[in-house]
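The values are calculated or read from the model by the stated rules, or taken from the named source; none is laboratory data. Only a predicted model underlies this, so the values are computations on that prediction, with no experimental measurement involved. Cβ sites come from the backbone with ideal geometry, for glycine too, and all protein chains shown count toward neighbours.
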Amino acid sequence: MSLVAQQVDAVLQGVSVLNSISVSFERNRFYGIIGPNGVGKSTLLHILSGSDAPSAGGVTLDGVPLSHMPGKILARKLAVLQQGGLPPVGFTVREVVAMGRYPHQNWLGGEGEDPEAIIDEAIHTMELAELQSRKLHQLSGGERQRVALAKLMAQQPEILLLDEPTTYLDIGYQIELLDTVKAWQKQRSLLVVAVLHDLNLASLYCDKLIALHRGGIAAEGTPDEVLNPAVIERLYGAKTTLVKHPATGVPQLILQPGES
Amino acid sequence: MLLLAVSMIASLSIGSAGLSFADVWGILIHQLPGMPDAADKWTAGEIAIVTQVRLSRVWLDVLVGACLALAGAGFQGVLRNPLADPYTLGVASGSSVGAAFIILTGMQLALGLWTIPIVAFSTGILTLLAVIWLSRSNGVMQIETIILSGVIIQSFLGAFVSLMVSMSQGVVNQILFWIMGSLAMRSWEHVYMMIPFIVVALPILLYFSPSLNLFTLGERHASHLGVKVERTKLIVMIVSTLLTAAAVSVSGVIGFVGLVVPHLIRLLVGPDYRLIIPLAGIGGGIFMLWADTLARTVLSPKELPLGVVTALIGAPFFAFLLHRRMKVEGGAKH
C-alpha cells in the first residue's frame, strides 16, 4: 500500500500554491505535514484524498491514478477527517457512524457482511455508547470530533488523512484524539497523513514529517531531522530552542520571544 | 397511506353539486364491472360530476401535490438550504412567462387544449438550462451560485410576466389567475400526463436518498465517502425540475406546498431522506387535496385560487409545528 504524489501543481484562483510536489507515503507509518499558514497543506491533503484534482501531475494509490478510481472503491481504502469536523445535524450519533458504511453498500443500500457489529465496535472504541442515540447538534465540539473518528473507523480504511484534527480542541482532547489514531494506526498497520499546526504534537506522534514552504518541500524526514531551529526559523520566521522530551526523547521546541 | 385514502374518499364526497355521500359512493360502486347500470338511479349529469369532474380532480390534486412536495424535498436535499423550494431555480417564473405570453396573444388553442401546458413546461425547462449554464464553472456547481442564479433568473422573468400583465387589458385576470394556481376544469388527460413523471421520478429520488443523507454533512464529507457529488446534484435537480414543470404546467404556480410539506415531514420523522422522500410525496398529496377541497367549497360555487389557500392554511400550521418543536427541544436541554 503506497500513496504517491508525482510533480503535483495546484493553482487556486490564479495563484500558484503548490509547485511540482513529489512525495510518497508508505503503509504502517504516521506522517505529519507541517508549514506556515497558507502554504497549501490542506490543498495537498485534498489532492491526496482525490477530492480535488491537481492542476498538473497526479496521485496514484498502488500505481492506480486516483482520477481513474470510482468514488466508492477509493472510499473503501481511504478515509478523510475533515477540518472543522462534523456540522450540527439532526441525525443521531449512531446514524452518522453508520454513514461510514456507505462505500461498502451496493446500490440497494445492503452489504455482504452485517454492518451492525462494525458500527458497534467503532462506537465502543470511541466511547460513544452512552451518546449513541443523541443527536449531533446536542453534542459539544469535542464529542462531535469523536463521532467523526468513529465514522471513519466504520469506514474501515487502510489510509487515513487528517486535516488539522486538533484545531479548536483543548489539550486533553488533542492528546486523546491523537492517542486513539496512533493506537488504531498500529493495530491495523494504517498509513496516516495528518496536517498538524502544533510542531510539538507532530514530533510526539509522527514517524516522518514533511515541511512545506513557498509551494515546495523545504524539509522531509524524521522529527529529529526536520525539527531544528534553523529550519523552523526559515519556515516560520520564529526563533526557537530545541530540547529533548524528558520521557520519550523526541525533539520539542520552546518558543523564544522576539527582542524588544 | 391510510390518511391519503381517507382524505380522497372524504374529498370526493364534498362538493357544490349537492350530492350526498351515499349518492357519490353509489355512483362509484356502479362503475365497477359487473354492477348494474347506474343510469336508472342517477341522472347522467350526476354520474358525470362524480366520475369525470370530481374523481379526476381528486387524483390531480394528489399528483400535483406529490410532485411539488417531492421536488421541494429534492431541492432542499441537494441545496441544503431550508428556504429551497421547487421554484428556487426560477422554473415557475419560466413557466409563467410562457403561459402569460400565450394568454396575452390569445393563442390558447393554437395546439389544442394542451397549448398552455406544453408551452409552460418547455419554458420552465429552458429556465433550468439557463440557470445551470449560469452557475456552472469548470464542471462544478457551487450551491451559492445556483441559488443566486435562480434568484436572478426568477426576478428577470418575473419582470416579463408583470410587463405582460400590464400590457394586457381585458385578459389581466386570466394571467393572474393562471399564476395563482387552480385545478378547476381539468380532465383525466391531465391526470394521465402527470402519472409518468411521478412513476419515473420517485424511484430516482429514492435511489439518491442515501446520498442526500450524506449531503447533510456537507459536500466534501459526501465526496470522501464516495458520493459522486456533481452528478448527484445535477440529476436530483433535473428530476425535481421536471416534476415542478409538470405540476406547474397543469396547475399554475401553487406556492408553499413544496416548501412546507418536506419541512413538516422532517419535523415528524427526522432528517433521513429515505423516509422524507416517500412521505413528502404522500404528504404533498394529502395537503393539496384538502387545500383544493377548501378552495372549491368555502365560497361555493365560486372558487378560490388554490395558491392562496395553500399559503393561508400552510403558513399557520407550519408556524405551529415549528413553535411546538422549539418548545420540546428547548425543554429537553434543561
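Things worth noting here:
- Among (1) at pLDDT 90 or above; (2) surrounded by fewer than 21 Cβ atoms within 10 Å (Cβ to Cβ); (3) at positive phi, the one test that A:Gly38 misses: (1)
- Close pairs from segment A:97-117: first surrounded by 14 or more Cβ atoms within 10 Å (Cβ to Cβ), partner part of a helix (DSSP H, G or I) and small (Gly, Ala, Ser), Cβ under 6 Å, at least 6 apart: A:Val97/A:Ala122; A:Val97/A:Ala150; A:Val97/A:Ala154; A:Gly100/A:Ala154; A:Arg101/A:Ala154; A:Pro103/A:Ala75
- Single match in A:Ile123, A:Ile73 (criterion: within 12 Å of chain B (Cβ to nearest Cβ), of a type in the set (Val, Ile, Thr) and assigned to a helix (DSSP H, G or I)): A:Ile73
- Residue selected from segment A:16-42 under the condition polar (S, T, N, Q) and not in a strand (DSSP E or B), by the criterion nearest to the other protein chains (Cβ to nearest Cβ): A:Ser42
- Matching helices (runs of 4 or more DSSP H) fully within segment A:141-260 where at least 2 residues are over 30 Å from A:Ser51 (Cα atoms) and either of a type in the set (Val, Ile, Thr) or in contact with a strand residue (DSSP E or B) (Cβ under 8 Å, 6 or more places away or on another chain) (or both): A:223-226, A:229-236
- Hey, A:Gly85 in contact (Cβ under 8 Å) with a residue 60 or more places away in the chain and touching a Phe, Trp or Tyr at 6+ places or on another chain (Cβ under 9 Å) or not: yes
- When A:Gln145, A:Gln138 are checked against the criterion of being at the interface with chain B (Cβ under 9 Å from one of its Cβ atoms) and farther than 21 Å from B:Leu212 by Cα, A:Gln138 stands alone in meeting it.
- B:Val24 vs. criteria modelled with pLDDT of 70 or more, under 27 Å from B:Gly284 (Cβ atoms) and either over 24 Å from the mean Cα position of the chain (by Cα) or not aliphatic (A, V, I, L, M) (or both): yes
- For B:Leu304: the one exception among (1) within 14 Å of another protein chain (Cβ to nearest Cβ); (2) more than 19 Å from B:Gly77 (Cα to Cα); (3) touching a helix residue (DSSP H, G or I) at 6+ places or on another chain (Cβ under 8 Å): (1)
- So B:Thr123, is it without any contact (Cβ under 8 Å) to a residue 40 or more places away in the chain, under 19 Å from B:Ala247 (Cα atoms) and outside any strand (DSSP E or B): yes
- Just one of the listed residues (B:Ile277, B:Ile238, B:Ile286, B:Ile313) is within 14 Å of chain A (Cβ to nearest Cβ) and assigned to a helix (DSSP H, G or I), and it is B:Ile277.
- Residue within segment B:248-255 that is in a helix (DSSP H, G or I) and over 30 Å from B:Leu126 (Cβ atoms) present: no
- Restricting segment B:214-228 to residues that are at the interface with chain A (Cβ under 7 Å from one of its Cβ atoms) and assigned to a helix (DSSP H, G or I), the residue that is surrounded by the fewest Cβ atoms within 10 Å (Cβ to Cβ): B:Arg220
- Helices (runs of 4 or more DSSP H) enclosed by segment B:37-110 - at least 2 residues per element that are modelled with pLDDT of 75 or more and in contact with a His (Cβ under 9 Å, 6 or more places away or on another chain): B:55-79
- Matching residues, segment A:43-70, being within 10 Å of chain B (Cβ to nearest Cβ) and within 20 Å of A:Glu158 (Cβ to Cβ): A:His46, A:Ser49, A:Gly50, A:Ser51, A:Met69, A:Pro70
- Restricting segment A:235-248 to residues that are over 14 Å from A:Leu204 (Cα atoms) and loosely packed, with under 13 Cβ neighbours inside 10 Å, the residue that is modelled with the highest pLDDT: A:Thr241
- Here A:Val192 meets the list (1) closer than 21 Å to A:Thr167 by Cα; (2) free of Cβ contacts under 8 Å to residues at least 40 places away in the same chain; (3) hydrophobic (A, V, I, L, M, F, W, C); (4) crowded, with 19+ Cβ neighbours inside 10 Å almost entirely, failing just condition (2).
- Scanning segment A:79-111 for residues that are more than 8 Å from chain B (Cβ to nearest Cβ) and of a type in the set (A, V, I, L, M, F, W, C) yields a count of 5.
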